[in-house]
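Q: First the structure, which I've put down as structure tokens, then a few questions once you've had a look.
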Amino acid sequence: MDELTDTQRRFAERYEEGRVPWDDPTPPPEIVALADALPPGRALDVGCGYGRAVIYLAGRGWSAVGVDFVPQAIAEAQRRAAAAGVSERATFHAASATDLAFLAPPFDLVIDVGCMHSFTEEMLAAYRDEIVRLLPPGGQYVLFAHLRQASDPEREDGPRGIAEATIYELLREAFRLERVERGVTQVEDRPPWNSAWFWFRRE
Ligand SMILES: C[S@@+](CC[C@H](N)C(=O)[O-])C[C@H]1O[C@@H](n2cnc3c(N)ncnc32)[C@H](O)[C@@H]1O
């Protein structure tokens, strides 16, 4: 999949050059609220980066798995989990979100903070199929994505984002939308773009 290789190279360069604006010790407040509200279970973070959400969840008794296709990010996530004393409950894999065959269901929670919004149609379908396989009915899928209008041209200065309608169409058959919060995200000195948090329930 050439598109996958391109995106992987782009992200690997960002990590190598330290252009990682999402590197923060704590996960976003939406994930903190989730971890505090739910009883500990089994969680999967797709596109986990340096593992901030996995480490936070593991610290609260969850058994948490992080997947990212940049090996350098995974190595650092493992180092941080060890430093936080949660290695036993925090597992990391260097792999693509589009092929998670090495993971077995069931998970109680799947989160994606800024990963799938840069996928092609083909990658989105493979990713959706994996989440459907891993998350049984009743499970929760929480997504943060940059949004764009279907008619918007691709941008040079940031993630392309995904049309909200594409998300709903992709998940329509297996998920019910419980809540959505739209907002605007600004990273570094780039122009702001639309974004949203989505809380889905597996049906
Ligand atoms: C914006 S960063 C967010 C990282 C992390 N979720 C966080 O909030 O700290 C997106 C992450 O998704 C990863 N990613 C993008 N496409 C991926 C794919 N196809 N498979 C696995 N990871 C992917 C990138 O390497 C990057 O670490």
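Q: Can you tell me which residue among ASP129, ASP112 is at pLDDT 95 or above, buried (at least 16 other Cβ atoms within 10 Å of the Cβ) and of a type in the set (Asp, Glu)?
A: On inspection, the qualifying residue turns out to be ASP112.
Q: Given ALA37, ALA75, ALA97, ALA82, which one is under 17 Å from the mean Cα position of the chain (by Cα) and of a type in the set (A, V, I, L, M, F, W, C)?
A: That would be ALA97, the only listed residue that is under 17 Å from the mean Cα position of the chain (by Cα) and of a type in the set (A, V, I, L, M, F, W, C).
Q: Residues being of a type in the set (A, V, I, L, M) and within 11 Å of the ligand (Cβ to nearest atom): count how many of those fall in the range 1-41.
A: The qualifying residues number 5.
Q: Look through the range 88-99, keep the residues that are assigned to a loop (DSSP other than H, G, I, E, B), farther than 12 Å from ASP68 by Cβ and without any contact (Cβ under 8 Å) to a residue 40 or more places away in the chain, and return whichever of them is farthest from the ligand (Cβ to nearest atom).
A: GLU88
Q: Moving to a separate point now. Taking the stated definitions as given, is ILE162 among the hydrophobic types (A, V, I, L, M, F, W, C), crowded, with 16+ Cβ neighbours inside 10 Å and closer than 22 Å to ARG60 by Cα?
A: no
Q: Quick check on the range 9-19: of everything there that is surrounded by fewer than 16 Cβ atoms within 10 Å (Cβ to Cβ) and touching a residue at least 12 places away in the same chain (Cβ under 8 Å), which residue is farthest from the chain's Cα centre (by Cα)?
A: Top of the filtered list is GLU16.
Q: Considering the range 37-64 alone, what residues qualify as being surrounded by fewer than 22 Cβ atoms within 10 Å (Cβ to Cβ), farther than 21 Å from GLY183 by Cβ and of a type outside the set (Lys, Arg)?
A: Passing the criteria: LEU38, PRO39, PRO40, GLY41, GLY59, GLY61, SER63.
Q: On the basis of being at pLDDT 95 or above and surrounded by fewer than 23 Cβ atoms within 10 Å (Cβ to Cβ), does ASP2 make the cut?
A: no
Q: TYR168: surrounded by fewer than 16 Cβ atoms within 10 Å (Cβ to Cβ) and hydroxyl-bearing (Ser, Thr, Tyr), yes or no?
A: Judged against the criteria, TYR168 is a match.
Q: Among the residues of the range 49-59, is there at least one that is over 14 Å from ASP108 (Cα atoms) and among the charged types (D, E, K, R)?
A: Yes: one or more hits.
The values are calculated or read from the model by the stated rules, or taken from the named source; none is laboratory data. This is a predicted model, so every value here is computed, not measured. Neighbour counts run over all protein chains shown; Cβ positions are idealised from the backbone, glycine included.
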